[in-house]
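Quick notes on the structure that follows.
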Amino acid sequence: MPGKVVVLVSSGKDQKPKVLTALTLAAVGKQNRLFDDLKVIFFGPSEELVAERDPDVMKLLDQINAVGERPLACQVVAQSFGLTDALKSVSSVQLTMVGPVIAELAGKGYEFLTF
């Protein structure tokens, strides 16, 4: 089985198909156990799609949650974009400081796929 993967989603609303591709990979990867471990991190403009509860994004987040993964969203980015309250109300993601998480996962040998 391939190693450990982080799907890092940073594309914004203007690149929604890229965001959906990332989340589809994450959902299918988790459902079919394609990787030893798979994490999803929203980092940057992609957080707007979550905060606005884009229906396509939320559908894929539901699928990812259903297989035991709760994606992370960056607290610092949320604050700078004025999205903190909106993201806190989305139960399918966890708002946190992702910098230390990214550093920890890199140190543990995770591969990063950036969309």
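What follows is calculated from the coordinates using simple rules that are stated; it is not laboratory data. Being a predicted model, the structure only gives us computed values, none of them experimental. Note that we place each Cβ from the backbone using ideal geometry, even for glycine, and neighbour counts take in every protein chain shown.
For a label point 7 angstrom out from the Cα of V28 toward its Cβ, which stretches of the range 64-89 have the backbone nitrogen within less than 16 Å? Counting backbone N atoms under 16 Å from the label point, the list is 64. Packing around the peptides 67-75, 32-40, taken as the average count of other Cβ atoms within 10 Å per residue, puts them in this order, highest first: 67-75, 32-40. In sequence order, the range 34-39 has phi-based couplings of 6, 10, 4, 7, 9, 10 Hz under the Karplus curve 6.51 cos²θ - 1.76 cosθ + 1.60, θ = phi - 60°, and Gly or Pro positions carry x. Modelled spin-label separation between D14 and N65, with each label point placed 7 Å from Cα along the Cα-to-Cβ direction: 3.0 nm. Taking Cα atoms only, the orientation of helix 55-66 departs from the longest principal axis of the chain by about 40 degrees. Across the options Q94, F35, M58, the greatest Cα extent toward the positive end of the charge dipole of the chain (unit charges at beta carbon of Lys, Arg, Asp, Glu) belongs to F35.
If you take all other residues with their beta carbon under 15 Å from the beta carbon of Q63, and give Lys and Arg +1 and Asp and Glu -1, the sum is 0. On the principal axes of its alpha carbon atoms, the chain extends 39, 28, 24 Å, with the longest extent given first. Here the range 4-114 carries DSSP beta bridges of which approximately 0% are antiparallel, counting only pairs with both residues inside.
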